[in-house]
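Just below is one structure, and these are the notes that go with it.
The values are calculated or read from the model by the stated rules, or taken from the named source; none is laboratory data. All values reported here derive from a predicted model rather than from experimental measurement. For neighbour counting, all protein chains shown are included, and Cβ atoms are generated from backbone atoms with ideal geometry for every residue, glycine included. Ligands, DNA and RNA are excluded from the accessible area calculation, which covers all protein heavy atoms including side chains. Shrake-Rupley method; radii C 1.70, N 1.55, O 1.52, S 1.80 Å.
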Amino acid sequence: MQIAFHTDSGVKRNENQDYVGAFTNQKGNVMVMVADGVTSTEGGEVASAMAVEHFGHAWEKTTIETIKPSIAWIKETVAFENDVIIEAGQRFDDLKTMATTLVLAILFDEQVVIGNLGDSKAFLLHHNNLKQISFDHNLKNELVRTGTVSQKQAENVPNANSVTRFLGVDRHADIEIGQHKFSDEDMLFLTSDGITKVLNKTTIKQIMRTATTLDLRAHELIRSANNNGASDNVTALLVSRNNEEDTK
């Protein structure tokens, strides 16, 4: 297995509120994560760093080997970390509304568990098909899913893209969890929403399929986003089952 990740402030932001990491537990199972501080609140960079570092160090102490206990662990850790972020914010006036999105993946043999809150994303590249396997928790998507409005009507909803789920502020943090096949030729892509604002799936897929190292592909995703005027922070995390670096 190979993992590569990079993050950048983008071309229009002075600070980077994204945070990214990869962690291995006592049984050798890997968890990767991307968090994106909610920019409408103060302290987003603090919340995203707390989420990734706390989750990561907690995972490193576990002996989890199978999917079912990993899902229970995710739910328990989300509830705990949400309280930690809220309580930390309450100690400092300028951090009292800090919050962050979160997307994570825990890797098992031929399977991956995905958890997310907010609009940071997980994509799976299988053969030549790039599919988003996380759900964007924003107002328009939540309204469409509940049948309140149609997809077309949702585009005209005020604050349609406002994030509806995150860590921090609200005592109720409802993480969405899914399980997916992840075979030898597949590749996983985790990102904040900065890259997908400026690069379409075709371009992302082309870069992920480039015959070069995984590290350079992660760099290229960020470079291409910045060349297209990335207005937000940009983060790319790639995971490949294939241990062979393709540098042809």
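Side notes on the structure shown:
- Sorted largest first, the spans of the alpha carbon positions of the stretch 103-248 along the three principal axes are 50, 37, 29 Å.
- Taking the stretch 113-194 and dividing mean pair separation by its residue count, relative contact order in percent (alpha carbons under 8 Å, at least six apart): 45 percent
- Ordering of 175-181, 5-11, 63-69, 82-88 by packing is 5-11, 82-88, 175-181, 63-69, highest average first (other Cβ atoms within 10 Å, averaged per residue).
- Remark: the Cα gyration tensor places the stretch 1-129 in the oblate category, a/c being 1.5 or greater and a/b not exceeding b/c.
- Under the criterion of Cα pairs below 8 Å and six or more residues apart, the relative contact order for the stretch 1-157 equals 19 percent.
- Note on the chain: GNM, Cα springs under 10 Å; of Phe189, Phe166, Phe123, the largest mean-square fluctuation is that of Phe123.
- 1.4 Å probe accessible area per residue over the stretch 133-248, in Å²: 50 Å²
- Net charge contributed by nearby residues that have their C-beta within less than 9 Å of His127 (K/R +1, D/E -1): -2
- Solvent-accessible surface of the stretch 10-55, taken per residue with a 1.4 Å probe and all protein chains present: 41 Å².
- Three-way shape call for the stretch 84-181 based on the alpha-carbon gyration tensor, with the a/c threshold at 1.5: oblate
- The alpha carbon centroids of the stretch 162-195 and the stretch 96-113 are separated by 5 Å.
- Accessible surface of the chain, 1.4 Å probe: 47 percent of it comes from carbon and sulfur atoms.
- Residue of Gly21, Gly56, Gly147 that the Gaussian network model of the chain assigns the largest fluctuation, springs spanning Cα pairs under 10 Å: Gly147
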